[in-house]
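Everything on this sheet refers to the single structure shown next.
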Amino acid sequence: MTQRRSRARNRRVSLCETLDRVLDKGAVVRGDVLITVADIELLYLDVRVFLASAETADRAGALPGSTPDSPPDKTDDASAEE
């Protein structure tokens with residue numbers, strides 16, 4: 001089992017595989033940018049980037065008008081049957 005783990009760690013992953021995984025799962029990048037001159041703050045940016053495919057973003061509720069996927073509520077099913 002240890003050999004399998006070490007092989008998995010040493011396996012090279014192509015850029016295409018990495019991009020596919022990021023777009024499938026989604027990734028969030030957050031950072032701050034502060035531009036100062038002579039100790040005077042000129043510009044401050046709070047940056048948040050969500051990187052995902054449109055399908056993944058829709059599932060996560062990140063697109064305008066979309067809601068996150070959630071399992072159906074069992075109380076709704078019971079009232080629909082009555």
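Starting from the stretch 29-58, keep only residues that are surrounded by 10 or more Cβ atoms within 10 Å (Cβ to Cβ), then list their pairs with residues that are assigned to a loop (DSSP other than H, G, I, E, B) and among the polar types (S, T, N, Q) whose Cβ atoms are within a distance under 8 Å, requiring at least 6 positions of separation or different chains.
Filtered contacts from the stretch 29-58: A57/S66; D58/S66.
If a residue has to be in contact with a helix residue (DSSP H, G or I) (Cβ under 6 Å, 6 or more places away or on another chain) and at pLDDT 85 or above to count, how many in the stretch 25-50 make the cut?
0
The values are calculated or read from the model by the stated rules, or taken from the named source; none is laboratory data. Remember, predicted model here, so these are calculated numbers, not experimental data. Every residue, glycine among them, receives a Cβ derived from its backbone with ideal geometry; neighbour counts consider all protein chains shown.
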